[in-house]
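Let me begin by presenting the structure, written as structure tokens, before commenting on it.
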Amino acid sequence: MSEYPSLSATTTKIITFERRHIHPIPENERHGTTRGLFFVWLGINMLPLTVVTGALGPTLFGLSLGWTMVAVIIGNVVGGIATALHASQGPQLGIPQMLQARGQFGFYGGSLLSLVAVIMFLGFFASNLVVASQSFAAIFDGLSVNVGIVVCAVVALVVAIFGYDLVRKMMGIFSVFIGVLVVISIFVLISNPATFDVAGDAELGYNTAGFFGMLAVGVTWQLAYAPYVSDYSRYMPRGSGSRAAFWATFLGLVAGTVLVMLLGALVGLTTADGDAMAALGKLLGGFGPLVLIGFGASSAVINSANIYSGVMSSLTVLESFSARIRINTSKRVIMTVAYALVALLAAVLGKDNFLLIFSDFVTILLYVLIPWSAINLADYFILRKGHYRVGDMFERDGGMYGKWDAIGLTSYLVGLLAQVPFMVTTMYTGPLAGPLGFVDVAWIVGFLVPGVVYVLWKRSRVNAEALV
């Protein structure tokens with residue numbers, strides 16, 4: 001197992017400036033707590049983007065409030081379980097989530113999967129910038145959305161530069177602040193008759209395609225966090241941390257998401273132009289400006305998590321380019337700035353067609369993430385049962401995991417291809433989607449097929465490794 005030099009941390013009375021980056025967190029630096037981890041994941045969904053996503057039930061899928069919430073709850077619980085299982089890996093291995101992919105896909109194969117995660121984080125960061133700036137624009141007349149995007153990006157950038165400690169503390173603070181505003185807002189909306197004046201007299205109710213579409217959105221929303229839950233849980237103690245990490249992550253993610261999506265579903269009943277945040281402000285009356293400002297501020301701060309974890313994945317990719325590249329603080333800071341600039345540009349260019357772009361982005365994200373999640377969970381819990389040589393993951397030749405793992409990569413590709421006939425997007429609809437009533441079941445196939453293929457194919461090799 002490779003040894004790493006002791007990296008000191010510069011500590012102030014308030015925060016610790018991160019210097020571990022993608023390297024394993026030693027036991028004596030594991031200061032994470034169950035409560036702290038819970039508030040990280042509770043707060044991470046206290047965002048305008050979550051409101052917009054909840055509004056998709058009535059606005060995009062034609063579901064009533066009741067059926068929207070049934071789909072939201074089931075989808076988030078299912079996805080939340082899978083994501084929390086990923087989080088439980090952090091305390092055991094002590095490294096970022098996507099770096100762990102080297103254990104299933106090899107040194108370079110894992111970096112390839114990390115690149116996929118980089119794109120995902122960019123998409124969510126850019127999306128949050130757009131919706132946050134729309135929140136501010138709905139309050140301040142004449143405020144350019146572009147200006148709002150820049151301001152929100154700068155705030156998130158500053159927090160992300162400090163790293164894990166400041167990101168965690170800021171998300172904890174804002175989770176309580178926005179949580180109170182969300183609960184009050186829900187009661188205000190329920191008591192306002194205008195909330196239930198359905199936009200354009202649309203017929204909302206139950207339809208199978210819409211229900212499974214919204215359910216898939218819930219699953220996707222939770223699995224979108226799977227590539228970086230260990231980035232935070234790796235600071236939990238190794239012995240007792242795995243179980244605590246699971247429950248803190250699951251309860252925080254599901255509770256925060258369902259609460260804010262309920263608010264979004266209520267707003268979606270009257271949203272006719274796609275601007276859910278403006279509709280929210282209007283329905284809340286005098287309380288609206290405070291809520292929109294709170295959401296905008298929280299998005300700017302909490303969005304730092306997307307930069308931080310995106311940079312962890314970016315550094316994993318960068319390290320694979322050359323043996324002479326050594327990840328240090330300066331490289332992390334430079335990468336953080338570059339990452340924020342790319343996402344800012346994407347937000348500015350895509351803001352005018354945001355809702356359509358975001359809907360397709362979420363759907364495609366599901367198709368791409370599901371096979372990785374299945375393979376990672378199968379390898380960790382079924383085949384290796386949490387036993388990995390972490391040092392080998394940092395070796396140029398991949399150590400026992402190799403440079404490329406043909407079984408892992410082929411299983412992933414099989415998972416992607418297995419979903420194609422069942423896909424339902426605005427860009428492409430698979431040939432089997434029509435006979436199924438355009439119900440999106442591709443993600444179910446994409447989870448089961450690669451997981452089974454990987455376990456059956458890889459079992460004998462893992463057993464042989466255990467004997468060495």
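The values are calculated or read from the model by the stated rules, or taken from the named source; none is laboratory data. From a predicted model like this one, the values you see are computed outputs, not experimental measurements. Here the Cβ positions follow ideal geometry from the backbone for every residue, glycine too, while neighbour counts run over all protein chains shown. Side chains are part of the model used for accessible areas, which takes the heavy atoms of the whole protein and leaves out ligands, DNA and RNA. Shrake-Rupley method; radii C 1.70, N 1.55, O 1.52, S 1.80 Å.
A dipole drawn for the chain from +1 and -1 charges on Cβ atoms has a positive end, and of Pro26, Gly285, Asn207 the residue lying farthest that way is Pro26. Solvent-accessible area assigned to carbon and sulfur over region 422-463 amounts to 74 percent, based on a 1.4 Å probe.
If R0 equals 41 Å, the separation of the Cβ atoms of Glu27 and Lys282 corresponds to a calculated FRET efficiency of about 0.20.
Calculated accessible area for the chain comes out at 38 Å² per residue, all protein chains present (probe 1.4 Å; ligands, DNA, RNA ignored).
Taken about its Cα centre, the chain carries a charge dipole of roughly 1520 debye when the Cβ of each Lys and Arg holds +1 and the Cβ of each Asp and Glu holds -1. The count of lysine pairs in the chain that are at least 8 places apart or cross chains, and whose C-alpha atoms lie under 24 Å apart, stands at 7.
How do 381-388, 329-336, 41-48 rank on mean C-beta neighbours within 10 Å, highest first?
41-48, 329-336, 381-388
Relative protection proxy for 225-238, 300-313, 129-142, from highest mean packing down: 300-313, 225-238, 129-142 (other beta-carbon atoms within 10 angstrom).
In order along region 401-411, the phi-based Karplus estimate (6.51 cos²θ - 1.76 cosθ + 1.60, θ = phi - 60°) of 3J(HN,Hα) comes to 9, x, 6, 10, 9, 4, 5, x, 5, 5, 4 Hz; Gly and Pro are listed as x.
On the basis of the beta-carbon distance and an R0 of 25 Å, Leu341 and Leu143 show a calculated FRET efficiency of 0.70.
Charged side chains reduced to their Cβ positions (Lys and Arg at +1, Asp and Glu at -1) give region 14-131 a dipole of some 80 debye around its Cα centre. Against the chain, whose longest principal axis is taken from its Cα atoms, helix 208-223 shows a tilt of about 50°.
Comparing Gly90, Pro431, Ser64 along the charge dipole axis of the chain, the residue lying farthest to the positive side is Gly90, per the Cβ-charge model. Computed in the context of the full set of protein chains, the accessible area of region 177-315 at 1.4 Å probe radius has 67% of its extent on carbon or sulfur. Relative contact order of the chain: what whole-number percent is it, with Cα pairs under 8 angstrom and at least 6 residues apart? Rounded, it is 30 percent for the chain. Per-residue ellipticity at 222 nm, computed for the chain from helices alone with -39500 (n - 2.57) per DSSP H run of at least four residues, works out to -21500 deg cm²/dmol.
What is the diffusion coefficient of region 400-465 in µm²/s, taking the Kirkwood radius over Cα pairs and the Stokes-Einstein relation at 37 °C with a viscosity of 0.692 mPa s? The Stokes-Einstein estimate is 249 µm²/s.
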